[in-house]
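S.K.: Sharing a structure, written as structure tokens. Questions coming.
Please treat every number below as a calculation from the coordinates, not as lab data. Please read all numbers here as calculations on a predicted model, not as lab measurements. Ideal geometry is used to build each Cβ from the backbone, glycine not excepted, and the neighbour counts take in all protein chains shown.
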Amino acid sequence: MKQSKAEWILTKPDQFTHRHRIFINNPVMMQGMGLAPLVVLATSGKNALMLAVAAALLLTPSRLLACLLSKPLPLSEHGGSDELENRLLFRGLIYCLSAAVVYLAVYPLLEGWFGTDLLTLGIYLPLLTVEPLLIYRFGRVQEPPRKALVKGLRTTAGYALVLLLVGCVRELLAYGTVFGFQAADFAPLPVAALPAGGFILLGVLCAVWRALVRKYKDFLVAEARNQVLANHQKEANREG
């Protein structure tokens, strides 16, 4: 571990962990976003894959487009409540409309790749345009395009990871298959195919995930502290 990274972890641990959206700060497991399509639709590996591709095509482009279009309406920490309310209204509309425009552009691609299977996603596919996973940034401080791009890609990767994990586990438990291929001779938990089973499974996965994150954070802090102490000891030896 580099000295700069070790000092960053020790001095600003929240800032360090906030940017790691794949595991440490996963948008689903740690922030509770994107739950509706995950619980209702991610009942199989194929459904999860379709949702992951849709999220990948929607999330980053719509976030970047909204970032560029909302530049004339930056949020000010010192502005009045009326000004803030008016700006939030327009920024919210910009983010939702940006997601809708991107959705109209990517839907033909999804239809070409998945055909009629895309219909199994139902109303939840267009509802992604108002999913907090895509539009929650409208009430935040304006971010530069590069930051919007990087964060969008990280959030997409984190969401896709959970989608595929939950979809494959639910399919295995409910049908004994993974992506349609037989993986077990029996279905140990048929209720996993239902939304109720999805909530139960997601709750268990969330508890395990958060426990692992806590352990990993403790490990990082301990490693960073040892690194800083070792570097200080080396400097003291040189001076001595």
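S.K.: Among 108-114, 50-56, what's the highest-first ranking by average C-beta atoms within 10 angstrom per residue? Working shown, then result.
M.R.: On the way: 108-114: 13.0, 50-56: 21.3.
Top to bottom by mean Cβ count within 10 Å: 50-56, 108-114.
S.K.: Once R0 is set to 35 Å, what does the formula 1/(1 + (r/R0)^6) return for the Cβ-Cβ distance between Arg214 and Thr116, expressed as a FRET efficiency to the nearest 0.05? Each step should come with its number before you reach the end.
M.R.: Numbers: r = 44 Å, r/R0 = 1.25.
Efficiency at R0 = 35 Å is approximately 0.20.
S.K.: Still on this structure, please answer the following. May I ask you to order 152-160, 10-18, 189-197 by the average number of other C-beta atoms within 10 Å around their residues, highest value first? Mind showing how you got there, number by number?
M.R.: Working: 152-160: 21.6, 10-18: 13.1, 189-197: 15.1.
Ranked by mean Cβ neighbours within 10 Å, highest first: 152-160, 189-197, 10-18.
S.K.: Given springs between every Cα pair under 10 Å in a Gaussian network model of the chain, which of Ile22, Ile135, Ile123 has the largest fluctuation?
M.R.: Ile123
S.K.: Ignoring everything except DSSP H segments at least 4 long, calculate the 222 nm mean residue ellipticity for the chain; use -39,500 (n - 2.57) per segment, divide by total residues, nearest 500.
M.R.: Estimated from H runs of four or more residues: -23000 deg cm²/dmol.
S.K.: Using the Cα gyration tensor of segment 140-240, with a ≥ b ≥ c the square roots of its eigenvalues, what is the shape: rounded (a/c below 1.5), prolate (a/b larger than b/c) or oblate (neither)? Mind dumping the intermediate values first?
M.R.: Values: a/c = 3.40, a/b = 2.00, b/c = 1.70.
Judged from the Cα gyration tensor, segment 140-240 comes out prolate (a/c at least 1.5, a/b above b/c).
S.K.: Return the FRET efficiency for the residue pair Asn231, His20: r is the Cβ-Cβ distance, R0 is 25 Å, and the value is rounded to the nearest 0.05. It would help to have the intermediate numbers written out before the result.
M.R.: Numbers: r = 23 Å, r/R0 = 0.93.
That gives a FRET efficiency of 0.60.
S.K.: Run the Debye formula on the Cα coordinates of the chain, all scatterers equal and no solvent, and tell me log10 I(q)/I(0) at q = 0.09, 0.11 1/Å.
M.R.: -0.50, -0.70
S.K.: Return the long-range amide H neighbours of Val178 (sequence gap of 5 or more, or a different chain), with a cut-off of under 5 Å between placed amide H atoms.
M.R.: Residues meeting the amide H criterion: Ala183.
S.K.: Here is a further query. Within the chain, which complete DSSP H helices have Cα atoms spanning at least 27 Å along the helix axis and a mean Kyte-Doolittle hydropathy of -1.0 or higher?
M.R.: Working: long enough: 45-69 (35 Å, 1.53); 81-114 (47 Å, 0.76); 145-175 (43 Å, 0.82); 195-239 (64 Å, -0.01).
Span-like helices in the chain: 45-69, 81-114, 145-175, 195-239.
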